[in-house]
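Here you go, one structure.
What follows draws every value from the coordinates through simple rules; no lab data is involved. Every value quoted in this text rests on a predicted model; they were computed, and no experiment measured them. For neighbour counting, all protein chains shown are included, and Cβ atoms are generated from backbone atoms with ideal geometry for every residue, glycine included.
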């Protein structure tokens, strides 16, 4: 590195540090973050500078405390070696969890890293609970909408009194969203839920022409308790058979499941079986998402292992072909390596079927050498 290049590098780096006080440097890559501690919902800004800039982009990754990728970007590098990634909103089940995050930057043989903290405020925790309330209402309203559509499709007209109750439920949903605090939101949530249940039950009565058979409350309580137990047992089975990395990746969802089960149990103990049933449905909905996520994580790990094995095999064959001057074999190996690289990109984007097809094709090519 000549004197002018050193001067340019240091000058730009100092500028970055002045603008973004949290700075890290490692092996030819310097990273600067706009803060070192964030509240969930804020935006992370990453900028930096690389040594020996070329036409290649720098790969910038953000990993959450559970070792789950929050963001990945291919960022163009300016002629002076500086770069600036698009802001990353620190919110949601992946990018908004509490704890220490890691930023990694890769540029050719160079690598840089940085860490920062995300703190989830009480407000954000309440927002998470509010979102679960709204999720339950959305499903309840959708069930009622489907029932109304079916009833009207049969040529019947929904009576005005039932329509009025439905509109009351819709209004309570709006009030739930606009509530000043969680306790107020719960009250409006309960009112909306009762309205939607009444509309659904009234339409069933109109369809069958008589009141449905009553259910023994004690029997319903027993069934709900058994269903809660089954849900917890299934969650424990999933987490006991999954690896530590997999469990970490769904930790936020597991906490949401525990919250929903706690709500269901609380309403069961108070005798509010309707609310208990809805919270149990929410818990099972979350559990289904966890199950799907664990399956996807297992598939991702399996494909990544397959890709790593093929890369090792390709490197060995490339060396042999190069040493022996076998240009034809070398071309086949290069084709396979390109497929492996494309497969890795698809793995990172959760396009597992396409990645699997590409890895199989790469394996066939390597076996033909």
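In percent, what relative contact order does the stretch 296-368 have, based on Cα pairs under 8 Å that are 6 or more apart in sequence?
Reported relative contact order: 39 percent.
So what's the angle, to the nearest 10 degrees on a 0 to 90 scale, between helix 160-178 and the longest Cα principal axis of the chain?
Here the helix axis deviates by roughly 40 degrees.
Packing-wise, with mean Cβ within 10 Å as the measure, how do 139-145, 262-268, 176-182 rank, highest first?
Descending packing order for the listed peptides: 262-268, 139-145, 176-182.
Report, as a whole number in µm² per second, the diffusion coefficient that Stokes-Einstein gives for the stretch 122-293 at 10 °C and 1.306 mPa s using the Kirkwood radius over alpha carbon pairs.
D, rounded to a whole number, is 90 µm²/s.
Next question, about the same structure. Determine the shape class of the stretch 89-162: with a ≥ b ≥ c the square roots of the Cα gyration tensor eigenvalues, call it rounded for a/c under 1.5, and otherwise prolate if a/b is greater than b/c, oblate otherwise.
oblate
Using the count of nearby Cβ atoms within 10 Å as a rough guide to exposure, how do 197, 360 rank from fewest to most? Write down the numbers at each step before the final one.
Details: 197 18, 360 14.
Lowest count first: 360, 197.
May I ask for the distance between the Cα centers of the stretch 314-340 and the stretch 351-369, given as a whole number of Å?
15
Relative contact order of the chain: what whole-number percent is it, with Cα pairs under 8 angstrom and at least 6 residues apart?
So the answer I get is 10 percent.
Using a ≥ b ≥ c from the Cα gyration tensor of the stretch 309-369 (square roots of the eigenvalues), is it rounded, prolate or oblate, where a/c under 1.5 gives rounded and otherwise the larger of a/b and b/c decides, a/b for prolate? It would help to have the intermediate numbers written out before the result.
Values: a/c = 2.88, a/b = 2.46, b/c = 1.17.
Prolate, because a/c is 1.5 or more and a/b exceeds b/c.
Quick check on the stretch 22-167: take the gyration tensor over C-alpha atoms, sort the square-rooted eigenvalues as a ≥ b ≥ c, and tell me if it's rounded (a/c under 1.5), prolate or oblate.
Taking the square roots of the gyration eigenvalues as a ≥ b ≥ c, the stretch 22-167 is prolate.
Okay, moving on. How do the peptides 93-104, 73-84 rank, highest first, by the average count of neighbouring beta carbon atoms within 10 Å per residue? Mind showing how you got there, number by number?
Details: 93-104: 17.9, 73-84: 15.7.
So the peptides 93-104, 73-84, ranked by packing, come out 93-104, 73-84.
I would also like to ask the following. Rank by packing, highest mean first: peptides 57-63, 233-239, with packing defined as the count of other Cβ atoms within 10 Å averaged across residues. Mind showing how you got there, number by number?
Working: 57-63: 19.6, 233-239: 14.4.
Listed from highest to lowest mean packing, they are 57-63, 233-239.
Rank the residues 295, 208 as a footprinting-exposure proxy: fewest other Cβ atoms within 10 Å of their Cβ go first.
208, 295
On a 0 to 90 degree scale, rounded to 10, what angle separates helix 251-270 from the longest Cα axis of the chain?
10
State the label only: which of (i) 190; (ii) 129; (iii) 204 corresponds to volume of the Cα convex hull per residue in Å³ computed from the shown model?
Checked against the structure: label (iii).
Moving to a separate point now. In degrees, nearest 10, range 0 to 90: what is the angle between the Cα axis of helix 182-208 and the longest Cα principal axis of the chain?
Value to nearest ten degrees: 60.
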